[in-house]
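Working notes, beginning with the structure itself.
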Amino acid sequence: MQTTDKKKLLIVGNSSSIHTNNLKSLVEGYFSETEILDNKTFSFHSPTKLLKSIFNTKKLLKTFRPDFIILYQIDVAAFCLSILNKKIPTLVVGIGSDILIVANKSKLNRFLASFVINKGKYFNAGSPAIEKKMRQLSKKPIDIILANLGCNDILPQKKENIIFSNRLHKDLYNIDKIIIAFHKFLQNEKNQTYKLIIAASGKENEYSSLAKSLGIEKNIEFIGWLDASKNAYYYSIAKIWVSLPSSDSISISLLEAMSAGCLPVCYDVEALNGFLVDNKNAVIVKDFDENFFERALNLLNDDLITNNRKQARQFADKDTNRKRFYSIFDKEFVK
């Protein structure tokens, strides 16, 4: 239900992130006005910037006067908002690494995450693994809504001999391990018609040098940052989608890949347990030295593609997930 009264929403998150903007797009219809407070300037490493950000945030809370706040990521910005906010109802969203990795790095990080959760009123997690961890960090029983940002259905096209990687160029995502595994895959002559398409940006030179050192640069293409339509195109023509982060949730990119009929090749992380089953609807990588792309070829079939598309639609339907978020807002505003 959408409230009839004019209500304002403040989202605290990375304003340049596609995920933050997808969240805004998903829920802003419930509210009369929505603003994003950028979290990038909140850092303990720069006290001057942090103090300035806190001052600007106090000013924003007084001028914008939000009726509801979403903390999209448990980080320093969320911590500061939790201190500054005295009475505005807040939804705390755990998105993945902030809960599964960062909160475990030190006692300070654990305290920060626990503080934000215990100051929150409503809670959202994108996977059962994140939900479990949020409960462990809370000092009180909490009701957590499982919902994600949803994705559009991507129709498969005629599949080509393409392995597609579109995760970020950060150490967390192990793109170098993907390139090394692809080199092993190409040692079999019958696989030499395959191309590895690597999207995103930041370390193209480093990864290109690795490909050249392995002698496989002709089979790898770096295509940079993609908009939604180009991303969907590569999903639609790729046979295999690969993602090997050391930690992850059930990512939107995974759901998009499944929707487009790609076979997921994913690293063995807790959040995927049950959602992906090794040798059934995905290849789960436990050992980077394994020739897992070869195993993926043996698993590809039409039934797998059909079932994965159905699973992705059920889990990531935008309207269904929008209703889950709206049910949180209804608890606050519909009496």
Q. So which of LYS190, LYS218, LYS139 is open to solvent by 60 Å² or more (accessible area, probe 1.4 Å), over 25 Å from the mean Cα position of the chain (by Cα), modelled with pLDDT under 95 and of a type in the set (Lys, Arg)?
A. LYS139
Q) Being surrounded by fewer than 23 Cβ atoms within 10 Å (Cβ to Cβ) and touching a helix residue (DSSP H, G or I) at 6+ places or on another chain (Cβ under 6 Å), is that true of even one residue in region 274-282? A) yes
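Taking region 254-281 as the region of interest, how many residues are part of a loop (DSSP other than H, G, I, E, B) and not hydrophobic (A, V, I, L, M, F, W, C)?
First, the residues of region 254-281 that are part of a loop (DSSP other than H, G, I, E, B): 260-262, 268-269, 274-275, 277, 279-281.
Add one more test, that the residue is not hydrophobic (A, V, I, L, M, F, W, C), and what stays is 261, 268, 274, 279-281.
Number satisfying all stated conditions: 6.
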Q) Limited to region 183-205, what total is found for residues that are of a type outside the set (Lys, Arg), outside any strand (DSSP E or B), touching a residue at least 12 places away in the same chain (Cβ under 8 Å) and out of contact with any Asp or Glu (no Cβ under 8 Å at 6 or more places or on another chain)? A) 9
Q: Looking only at region 261-269, decide whether some residue is closer than 18 Å to PRO128 by Cα, open to solvent by less than 10 Å² (accessible area, probe 1.4 Å) and modelled with pLDDT of 95 or more.
A: yes
Q: Kindly provide the set of residues from region 234-253 that are in contact with an Asp or Glu (Cβ under 8 Å, 6 or more places away or on another chain) and either open to solvent by less than 10 Å² (accessible area, probe 1.4 Å) or part of a helix (DSSP H, G or I) (or both), ordered by number.
A: TYR235, ILE237, ALA238
Q) Somewhere in region 289-298, is a residue open to solvent by less than 10 Å² (accessible area, probe 1.4 Å), touching a strand residue (DSSP E or B) at 6+ places or on another chain (Cβ under 6 Å) and part of a helix (DSSP H, G or I)? A) yes
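Looking only at region 21-40, filter to residues that are open to solvent by 40 Å² or more (accessible area, probe 1.4 Å) and more than 16 Å from the chain's Cα centre (by Cα); which one of those is farthest from CYS151 (Cα to Cα)?
So the first thing to find is which residues in region 21-40 are open to solvent by 40 Å² or more (accessible area, probe 1.4 Å), and the list is 21-22, 24-25, 28, 32-33, 35-36, 38, 40.
When the remaining residues are screened for being more than 16 Å from the chain's Cα centre (by Cα), the result is 28, 32-33, 35-36, 38, 40.
Working: GLU28: 16, SER32: 24, GLU33: 23, GLU35: 22, ILE36: 21, ASP38: 23, LYS40: 25 Å.
So the residue we want is LYS40.
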(Q) Of the conditions (1) part of a loop (DSSP other than H, G, I, E, B); (2) more than 22 Å from TYR326 (Cα to Cα); (3) touching a residue at least 12 places away in the same chain (Cβ under 8 Å), LYS86 satisfies every one except a single condition; which number is it? (A) (3)
Q: Give the residues of region 65-83 that are within 24 Å of LYS331 (Cβ to Cβ), open to solvent by less than 20 Å² (accessible area, probe 1.4 Å) and not in a strand (DSSP E or B), sorted by residue number.
A: PRO66, ILE74, ALA78, LEU81, SER82
Q: Taking the residues in region 106-136 that are assigned to a loop (DSSP other than H, G, I, E, B) and either open to solvent by 40 Å² or more (accessible area, probe 1.4 Å) or of a type in the set (D, E, K, R) (or both) as candidates, determine which candidate is nearest to PHE325 (Cα to Cα).
A: LYS121
Q.
Can you list residue pairs whose Cβ atoms sit under 6 Å apart, with the first residue in region 17-43 being in contact (Cβ under 8 Å) with a residue 40 or more places away in the chain and the second being assigned to a loop (DSSP other than H, G, I, E, B) and surrounded by 20 or more Cβ atoms within 10 Å (Cβ to Cβ)? Count only pairs 6 or more apart in sequence or on different chains.
A. ASN22/LEU149; LEU23/LEU149; LEU26/LEU149
Q) Which is under 15 Å from the mean Cα position of the chain (by Cα) and either over 14 Å from ALA271 (Cβ atoms) or of a type in the set (Asp, Glu) (or both), of ASN109, ASN124? A) ASN124
**Q.** Answer residue from region 90-105, given it is in contact with a helix residue (DSSP H, G or I) (Cβ under 9 Å, 6 or more places away or on another chain) and open to solvent by 20 Å² or more (accessible area, probe 1.4 Å) and is nearest to ALA271 (Cα to Cα) among those
**A.** LEU100
**Q.** Filtered residues of region 15-63 (kept if of a type in the set (S, T, N, Q) and outside any helix (DSSP H, G or I))
**A.** SER15, SER16, SER17, SER32, THR34, ASN39, THR41, SER43, SER46
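The values are calculated or read from the model by the stated rules, or taken from the named source; none is laboratory data. Being a predicted model, the structure only gives us computed values, none of them experimental. Cβ atoms come from the backbone with ideal geometry, glycine included; neighbour counts cover every protein chain shown. With ligands, DNA and RNA removed, areas are computed over all heavy atoms of the protein, side chains included. Shrake-Rupley method; radii C 1.70, N 1.55, O 1.52, S 1.80 Å.
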